[in-house]
Amino acid sequence: MKVILLENIDKLGIKGEIVNVKRGYARNYLVPRDYALYATPYNMKRLGSIQEELKVAEEKKIIELKILAEKIASIKLTFNRKVDDQGTMFGSVSENDLVHALKLEGVEVHRSTMQMEHHIKELGEHSVHVRLHKDVVANLSFVVQAEAE
């Protein structure tokens, strides 16, 4: 069954593309969630306008995400963690900690946007890339310091 994608779907296609999928996948997943439209003759005639609408919406979304990226880059977070006598940190700073701290600053991002190879287990200044879109990446700076006793 042929459908017109309204969203980018991994391993399937990009917005505005016509793809062939199994009937149940289209009927039970793609169409009810507004990820795709059936490729009917009427929708095929409208394909040019559908692609144009998707392109305009994508450009608008990228502009909003660039503004959000600037806001994220301007935020400086500080985390206090317990340390032992040698200066070794108990625990770490993870994606969840960063997302929660950003939420307190008024910025909502998903945990999967944080590009961390491993949790931060050292004191000092660090930075993490926040991938908001394939074309929009923000740099989040933060400081991990010893908790005052």
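Below is a table of values for the structure above.
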| quantity | calculated |
| --- | --- |
| Subset tally (residues that are assigned to a loop (DSSP other than H, G, I, E, B) and either out of contact with any helix residue (DSSP H, G or I) (no Cβ under 7 Å at 6 or more places or on another chain) or surrounded by 12 or more Cβ atoms within 10 Å (Cβ to Cβ) (or both)) for segment 108-146 | 11 |
| Where ALA57 falls short, out of the listed (1) assigned by TED's automatic domain parsing to the domain that holds SER141; (2) modelled with pLDDT under 90; (3) of a type in the set (A, V, I, L, M, F, W, C) | (1) |
| Pairs, first closer than 11 Å to LEU6 by Cα in segment 42-59, second surrounded by 14 or more Cβ atoms within 10 Å (Cβ to Cβ) and among the polar types (S, T, N, Q), C-beta under 8 Å, six or more apart | ILE50/ASN43 |
| Pick from segment 45-85, criterion among the acidic types (Asp, Glu) and assigned to a helix (DSSP H, G or I), ranking: nearest to GLN145 (Cα to Cα) | GLU70 |
| The listed residue being of a type outside the set (Gly, Ala, Ser), farther than 30 Å from HIS119 by Cβ and touching a His at 6+ places or on another chain (Cβ under 9 Å), out of LYS22, LYS61 | LYS61 |
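Here is a yes/no grid of residues against (1) in a helix (DSSP H, G or I); (2) loosely packed, with under 14 Cβ neighbours inside 10 Å; (3) more than 23 Å from the chain's Cα centre (by Cα):
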residue	(1), (2), (3)
LYS11	no, yes, no
GLY24	yes, yes, yes
ASP34	no, yes, no
LEU37	no, no, yes
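The values are calculated or read from the model by the stated rules, or taken from the named source; none is laboratory data. Predicted, not measured: the structure shown is a model, and the values here were computed from it. Glycine gets a Cβ as well: all are built from the backbone with ideal geometry, and neighbour counts include every protein chain shown.
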